[in-house]
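Reviewing the structure listed below.
Values quoted throughout were computed directly from the atomic coordinates according to the rules given, and no laboratory measurement underlies them. Here the structure is a predicted model, which means the values were calculated and not measured. Here the Cβ positions follow ideal geometry from the backbone for every residue, glycine too, while neighbour counts run over all protein chains shown.
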Amino acid sequence: MDYGSSETIQFSELRCLRKDFSHYPAFSILCHLAEVVPAGDQSTWSRTACEFMMEETQQQKLFIKKKVHQ
């Protein structure tokens, strides 16, 4: 589970990725919250709204439901 955390490490602590992991496609996918739009007539989210969402969803398990477009 990737919780999105980051850490600064020394160069000597780096390790090569196991070869069997390099055969898989990227493990992250682009997604969005369905039917959720910025308040008002804005077409983009404010910095405050983005920071709020990051704080509220950090360390939470989020689930994805794939929607099929026909």
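Summary of computed values
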item: Added length on full extension, which subtracts the Cα-Cα distance from 0.36 nm per residue, S12 to A34; result: 3.6 nm
item: Summed residue charge, Cβ within 14 Å of L30's Cβ, Lys/Arg positive, Asp/Glu negative; result: +2
item: Correct option for log10 I(q)/I(0) by the Debye sum over Cα atoms at q = 0.15, 0.21, 0.23, 0.24 Å⁻¹ [calculated from the coordinates] among [x] -0.55, -1.02, -1.17, -1.24; [y] -0.45, -0.84, -0.98, -1.05; [z] -0.84, -1.18, -1.25, -1.28; result: [z]
item: Helix 47-57 vs. the chain, principal-axis angle (Cα, 0 to 90°, nearest 10); result: 60
